[in-house]
1. Which shape class applies to segment 48-95: rounded if a/c is under 1.5, otherwise prolate when a/b exceeds b/c and oblate if not, where a ≥ b ≥ c are the square roots of the Cα gyration tensor eigenvalues?
2. Of the listed values (1) 14, 49, 28, 9, 0; (2) 11, 24, 18, 14, 12, 10, 7, 2, 0; (3) 12, 27, 28, 27, 7, 0, grab the one calculated as P(r) over Cα pairs in 10 Å bins from 0, in percent from the structure here.
3. What's the local net charge at ILE44, with K and R +1, D and E -1, over the other residues with C-beta under 14 Å away?
4. Can you sort HIS77, HIS60, HIS51 so the residue with the fewest Cβ neighbours within 10 Å comes first?
5. Rank these for me by crowding, MET11, MET71, MET76, going from fewest to most other beta carbons within 10 Å.
6. At 7 Å along Cα-to-Cβ for each site, give me the label-to-label distance between ILE106 and MET76 in nm.
7. Going by C-beta contacts inside 10 Å, put TYR59, TYR19 in order with the fewest on the left.
8. Using just the Cα positions, wrap segment 16-59 in a convex hull and report its mean projected area in square nanometres, one decimal place.
Amino acid sequence: MRVLTSSISVMHAIKFMDYRQGVDEDAFMASSILQDASFRQISIIGEAGTHISAETRAYHLDIPWRKIIGMRNMLMHQYFGTDLAFVFITAAEKMPELAERIEQIIASPGRK
């Protein structure tokens with residue numbers, strides 16, 4: 001159940017990031033609202049990742065769990081050292097890939 005709950009939390013955060021659709025890097029860099037919203041949702045995703053068991057993370061090695069959790073930690077604790085271009089790439093390119101994998105986990109019968 002823990003895997004399902006955490007996976008659903010990740011999916012909800014990714015879905016909330018729909019505001020980024022059609023936003024290019026220049027618009028992202030110019031908007032503190034878009035930056036803050038992205039920070040928040042990426043942080044939620046990282047936090048949810050900490051609640052996915054080590055067994056499940058080991059079973060899904062194709063998902064970069066440590067990087068996901070590490071990014072959450074960076075966003076939460078290194079406020080002034082955040083690379084906005086990296087956050088943009090994560091939101092624009094990495095989140096759709098992660099959504100695909102999480103949807104597969106949710107849909108799988110064993111959900112390991």
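1. On the way: a/c = 3.40, a/b = 1.69, b/c = 2.01.
Oblate is the answer for segment 48-95, as a/c is 1.5 or above yet b/c matches or exceeds a/b.
2. It is the one labelled (1).
3. Values: positive: LYS15, ARG40, ARG72; negative: ASP36, GLU47.
Around ILE44, the charge tally is +1.
4. Numbers: HIS77 8, HIS60 17, HIS51 13.
Ranking HIS77, HIS60, HIS51 by Cβ neighbours within 10 Å, fewest first, gives HIS77, HIS51, HIS60.
5. On the way: MET11 18, MET71 22, MET76 13.
Ordered from fewest to most neighbouring Cβ atoms within 10 Å, MET11, MET71, MET76 come out as MET76, MET11, MET71.
6. 2.3 nm
7. Working: TYR59 16, TYR19 13.
Lowest count first: TYR19, TYR59.
8. On the way: hull surface 15.6 nm².
About 3.9 nm², averaged over all directions.
Rule-based calculations on the coordinates, nothing more; no lab input. Since this is a predicted model, take the numbers as computed values, not measurements. Positions of Cβ are backbone-derived with ideal geometry, glycine not excepted, and every protein chain shown enters the neighbour counts.
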